[in-house]
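The values are calculated or read from the model by the stated rules, or taken from the named source; none is laboratory data. Remember, it's a predicted structure, so these values are computed and weren't measured experimentally. Cβ coordinates were reconstructed from backbone atoms using ideal geometry, including for glycine residues, and neighbour counts include every protein chain displayed.
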């Protein structure tokens with residue numbers, strides 16, 4: 001089966017690619033969640049103390065109000081902007097020249113053919129694919145954490161996005177199983193025939209001497 005796709009690389013493609021690069025980054029997701037949750041908690045505490053000020057409650061505290069406001073701003077800034085800024089900048093530098101370029105893809109079970117508007121052709125192998133990610137608009141084929149192909153899910157002219165995902169899953173699953181099988185074969189096993197039966201311990205000698213005396 002030959003899968004064909006035509007995708008115009010846009011700013012939205014670049015943004016989706018940036019997000020997809022972190023889909024399997026557990027450290028990134030954990031810290032992003034921590035910062036955002038902490039920011040929301042501080043924000044709720046700030047709102048609570050602001051309500052005390054508005055209602056002129058006796059328990060109002062200007063120091064805590066300011067502290068919670070600053071803490072909420074800092075944590076949300078880190079979680080919602082700062083953690084993504086460097087990643088966005090890196091991907092923007094790598095892919096900004098591709099914005100507006102149309103790419104044609106021809107994909108089978110062995111290779112991925114990529115042709116741009118200038119008729120330059122790259123022939124890539126599935127063996128070099130690191131992982132495949134998806135979102136509602138695109139399928140991303142990663143060859144490294146930064147080297148990636150982005151295919152629009154609406155751009156398939158032969159077969160469909162579902163066919164590509166099934167093909168990718170079958171290829172990557174087979175490759176994983178092959179690696180696991182090889183690893184199992186490489187496990188070192190003790191060769192019982194190599195055990196030297198003539199080896200005598202000090203305890204054996206002492207037992208023999210004891211039997212001789214009897």
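May I ask you to list the residues in the stretch 152-164 that are without any contact (Cβ under 8 Å) to a residue 40 or more places away in the chain, surrounded by fewer than 18 Cβ atoms within 10 Å (Cβ to Cβ) and not in a loop (DSSP other than H, G, I, E, B)?
Across the stretch 152-164, the qualifying residue is only 162.
Restricting attention to the stretch 147-166, which residues are more than 18 Å from residue 6 (Cα to Cα) and touching a helix residue (DSSP H, G or I) at 6+ places or on another chain (Cβ under 9 Å)?
Scanning the stretch 147-166 gives a single hit, 147.
Give just the number: which of (1) modelled with pLDDT of 90 or more; (2) under 26 Å from residue 154 (Cβ atoms); (3) surrounded by 15 or more Cβ atoms within 10 Å (Cβ to Cβ) does residue 45 not satisfy?
(2)
If you scan the stretch 19-40, which residues turn out to be surrounded by 14 or more Cβ atoms within 10 Å (Cβ to Cβ), assigned to a helix (DSSP H, G or I) and out of contact with any helix residue (DSSP H, G or I) (no Cβ under 8 Å at 6 or more places or on another chain)?
19, 20
Residue check: is residue 107 surrounded by 15 or more Cβ atoms within 10 Å (Cβ to Cβ), without any contact (Cβ under 8 Å) to a residue 60 or more places away in the chain, touching a helix residue (DSSP H, G or I) at 6+ places or on another chain (Cβ under 8 Å) and over 30 Å from residue 47 (Cα atoms)?
no
When residue 60 is evaluated against the numbered criteria (1) surrounded by 14 or more Cβ atoms within 10 Å (Cβ to Cβ); (2) in contact with a helix residue (DSSP H, G or I) (Cβ under 8 Å, 6 or more places away or on another chain); (3) not in a loop (DSSP other than H, G, I, E, B), which criterion, by number, is the only one it fails?
(3)
Might you check whether a residue that is at pLDDT below 95 and part of a helix (DSSP H, G or I) occurs anywhere in the stretch 144-151?
No, because not a single residue in the stretch 144-151 is at pLDDT below 95 and part of a helix (DSSP H, G or I).
Just to verify a result, which residue in the stretch 110-139, among those that are in a strand (DSSP E or B) and touching a helix residue (DSSP H, G or I) at 6+ places or on another chain (Cβ under 9 Å), is nearest to residue 99 (Cα to Cα)?
138
In the stretch 85-105, is there at least one residue being over 36 Å from the mean Cα position of the chain (by Cα) and modelled with pLDDT of 90 or more?
The answer is no, given that none of the residues of the stretch 85-105 is over 36 Å from the mean Cα position of the chain (by Cα) and modelled with pLDDT of 90 or more.
Please find, among 97, 5, 93, the residue that is crowded, with 17+ Cβ neighbours inside 10 Å and closer than 30 Å to residue 115 by Cβ.
Going through 97, 5, 93 in turn, just one is crowded, with 17+ Cβ neighbours inside 10 Å and closer than 30 Å to residue 115 by Cβ: 5.
Starting from the stretch 66-90, keep only residues that are closer than 30 Å to residue 48 by Cα, then list their pairs with residues that are in a helix (DSSP H, G or I) and at pLDDT below 85 whose Cβ atoms are within a distance under 8 Å, requiring at least 6 positions of separation or different chains.
As it stands, the answer is 83/28, since those pairs meet every condition given.
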